[in-house]
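The values are calculated or read from the model by the stated rules, or taken from the named source; none is laboratory data. Values in this document were obtained by computation on a predicted structure and should not be read as measured data. All Cβ positions, glycine included, derive from the backbone under ideal geometry; neighbour counts span all protein chains shown. In case anyone asks, the SASA skips ligands and DNA or RNA and just uses the protein heavy atoms, side chains included. Shrake-Rupley method; radii C 1.70, N 1.55, O 1.52, S 1.80 Å.
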2 protein chains.
Amino acid sequence: MIGIDVGGANLKVVDGDGVHIHYCPLWEKTPLVPLLSEYRTDPDTPAAVVMSGELADCFQDKAEGIAFIVRATKEVFPRAVFYGTDAEFHTTAVPQLAAANWLASADYLRTSYPDAVLVDAGSTTTDIIPLPLFPELKGLTDLRRLQKGYLIYTGMLRTSVPALLRIVVLDGIPTPLSTEFFAISADAHLMLGHITAEQYSCDTPDHKEKTRTAAMRRLARVVCADPGEIGTPGARQIAEQFWDVQRALICDKVRKAMAAAGATDVVTAGIGSSLFAQELGGIDLSEELGEASDALPAFAVRELARGSDFFTRHPLRQG
Amino acid sequence: MIGIDVGGANLKVVDGDGVHIHYCPLWEKTPLVPLLSEYRTDPDTPAAVVMSGELADCFQDKAEGIAFIVRATKEVFPRAVFYGTDAEFHTTAVPQLAAANWLASADYLRTSYPDAVLVDAGSTTTDIIPLPLFPELKGLTDLRRLQKGYLIYTGMLRTSVPALLRIVVLDGIPTPLSTEFFAISADAHLMLGHITAEQYSCDTPDHKEKTRTAAMRRLARVVCADPGEIGTPGARQIAEQFWDVQRALICDKVRKAMAAAGATDVVTAGIGSSLFAQELGGIDLSEELGEASDALPAFAVRELARGSDFFTRHPLRQG
């Protein structure tokens, strides 16, 4: 059994060999089929799939995105099954497949952590999922999750700095930011030592190096400056104040979700797992699951499929 | 005499035939030399140049950007002169050439409108320039202009929607936005009828059509939705609330600049000229200058060079 999470920016695969993460921006027409084919040892391999990449703007709408992803996956894995926001497996492109990856994680963890809020801090978004409310989570779209504070559209790597930080205080002077796509959260987190260059797995905004020096240059540019104009302390102030806003935004929503759900624990996953476990006093799933924590939905949907009787009920289903 | 403004996203040329605007993103390596060559009828044509494109992130720093732009321009127009933030013309790549385009506009208009604040609402940024303070404006970098409220990094076309609007109220429900690059100010202004499809001169985020239907699709995506999920009224609410924030931000800074400079008038230019003239009760330069209002720095630097004795003093200067 292979677990697959087709995001807009990343393709994540979990198989017997471990966890495989590819930066795979669908809107740049990164080819899905050859990437998936690397993991097919046998055409009969059963695959369990979740997605969120149907929102990528290369698709006219979500239906087109779902159809594309289902077609591409089944081309490689004809026996693939797709987990939906109804918490059921499907074999065809139905609307329920849109952005159900977070629910697979919840479905898998709810038995072990019935009193917890799950915080999956990924590259692009942060999912905040109150596990005690699992039955009510079914059917939620990303629009509804934004409104409920369950989907925070900011992540450890790909968030444009001015999308969170409007004004930075540089040596006491409030400085509004450029709204250009000059620097991203990965630059701030690299600068602050929260991630390594290897964890900076997406492209850089300027297509240049993933070093602290280059990140500093990108951060300086968000106030229309060369590094020489604001110095290392200036670039550091931008990184720190970005993180202050990002941390406050996420931690606030986690606390609200805990209160609303009567949850007593926090469990964290994703590339920001240890950082947020520390901030929130939570259980760091990366200690329990290892690198699978960075691909939790792919891991979870594989476990769900293994535990379900779907393949027993549909031993040769191809539809 | 030809006037040239080399921005990061746009190349603007003013010559005897009129105004020519090219979407020319330097960071995508759009070739400057062939574009400029279209306007060379005679190698001795004098050219007056301003720039802001040195900030584009294809360049390591501003010095590299300035050197590149000066070299490319002089390859086509060997007699080119470059206006700097010291309000002087230069013939070589000096640091003063960084982002002096707004000062050329101010220098040209300050005699006719000595008591006005100039508001140049362009595709990417809005310059707010208190003309009574002209002597103090010299030497200001973009960093300092951001801090003083003279450079608002938002424009009529290229501003990412979530860079200004953090939360939209959809049918009474506060809805945080996706921080993805899904929709831009041009989509909001097209939706609201503030610009035409022809004025939408930059690329669309999804590389799809410049129609209201396509703009609606892009606007819906900023709340992770298909147009069907929020309807036309939902997309309209996003466009309206984006414009509310953008208008308030700009008008507030204009009023502060007026108060600080003791200015009594507002003159407006740029693609948002008539819109802001209306909002602020200002003089719309597009009525006086026609399309030159959309390329004010290129027009202004040409007029400044024609009025200066620089070419008389340096009749054959090539250095």
Report summary line: If R0 = 25 Å, then A:V245 and B:E64, at their Cβ-Cβ distance, give a FRET efficiency to the nearest 0.05 of 0.20
Query raised in the report: Accessible area per residue, 1.4 Å probe, Å², for chain A: what's the number?
Result: 37 Å²
Report task. On a C-alpha basis, how far is the centre of the stretch B:1-57 from the centre of the stretch B:132-161 in Å? Whole number, if you could? Result -> 22 Å
**Report entry** Separation in nanometres of the label points that stand 7 Å from Cα toward Cβ, at A:D115 and A:V169
**Finding:** 3.9 nm
Report summary line: Expressed in µm² per second, the diffusion coefficient of the stretch B:222-319 from the Stokes-Einstein equation, with Rh the Kirkwood radius over alpha carbon pairs, at 37 °C and 0.692 mPa s, is 193 µm²/s
Query - Peptide ranges B:205-214, A:199-208 listed from the most packed, as the mean C-beta count within 10 angstrom indicates - result: A:199-208, B:205-214
Query - Computed Kirkwood radius, in angstrom, where 1/r is averaged over Cα pairs of chain A - result: 20.1 Å
Report task. Return the value, in Å² to the nearest 100, of accessible area buried between chains A and B (probe 1.4 Å, both sides summed). Result -> 4000 Å²
Requested in this report: Within a 10 angstrom radius of each residue's Cβ in B:190-199, how many Cβ atoms of other chains show up on average? Whole number is fine.
Outcome: 0
Query raised in the report: For A:T264 and A:E209, FRET efficiency with R0 = 45 Å and r from the beta-carbon atoms, rounded to 0.05?
Result: 0.55
Query - the stretch B:19-171 - percent relative contact order, Cα under 8 Å, separation 6 or more - result: 17 percent
Query raised in the report: Put +1 on the Cβ of each Lys and Arg and -1 on the Cβ of each Asp and Glu in the stretch B:170-319; which of B:G307, B:T264, B:V254 then has its Cα farthest toward the positive end of the dipole?
Result: B:G307
Query raised in the report: By how many nm would the segment from B:K29 to B:R255 lengthen if fully extended, with 0.36 nm per residue of separation less the alpha-carbon distance?
Result: 77.5 nm
Query raised in the report: When Cβ neighbours within 10 Å are restricted to other protein chains, what is their mean count per residue of peptide B:147-157?
Result: 3
Query raised in the report: Taking a temperature of 25 °C and a viscosity of 0.890 mPa s, what whole-number D in µm²/s does Stokes-Einstein yield for the stretch B:240-280 with Rh from Kirkwood over alpha carbon pairs?
Result: 226 µm²/s
Report summary line: Ranked output for segments B:299-306, A:133-140, A:166-173 by mean other Cβ atoms within 10 Å, highest leading, reads B:299-306, A:133-140, A:166-173
Query raised in the report: Roughly how big is the protein assembly as shown's charge dipole about its Cα centre, with Cβ charges of +1 (Lys, Arg) and -1 (Asp, Glu), in debye to the nearest 20?
Result: 260 debye
**Report entry** Heavy-atom accessible surface of the stretch B:38-148: percent carbon and sulfur, 1.4 Å
**Finding:** 47 percent
Query raised in the report: Rounded if a/c is under 1.5, else prolate if a/b beats b/c, else oblate: with a ≥ b ≥ c from the C-alpha gyration tensor eigenvalues square-rooted, which is the stretch A:59-98?
Result: oblate
Report summary line: Rounded to the nearest 0.05, FRET efficiency between B:T41 and A:E288 (Cβ-Cβ, R0 60 Å) equals 0.25
Query - Partner chain coverage, peptide A:139-146 - average Cβ within 10 angstrom - result: 5
**Report entry** Reachable lysines, given that their alpha-carbon falls under 16 Å from the alpha-carbon of B:K210 and they are not under 8 places away in the same chain
**Finding:** none
Report summary line: Asserting the computed 222 nm helical MRE of chain A (DSSP H runs at least 4 long, -39500 (n - 2.57) per run, divided by residue count, to nearest 500) equals -11500 deg cm²/dmol
Query raised in the report: Once phi is turned into ³J(HN,Hα) by the Karplus curve 6.51 cos²θ - 1.76 cosθ + 1.60 with θ = phi - 60°, what whole-Hz value does each residue of the stretch A:121-128 show in order, with x for glycine and proline?
Result: 8, x, 6, 10, 9, 10, 8, 10
Query raised in the report: For the protein assembly as shown, how big is Rg over Rh, using alpha carbon atoms and the Kirkwood form of Rh?
Result: 1.02
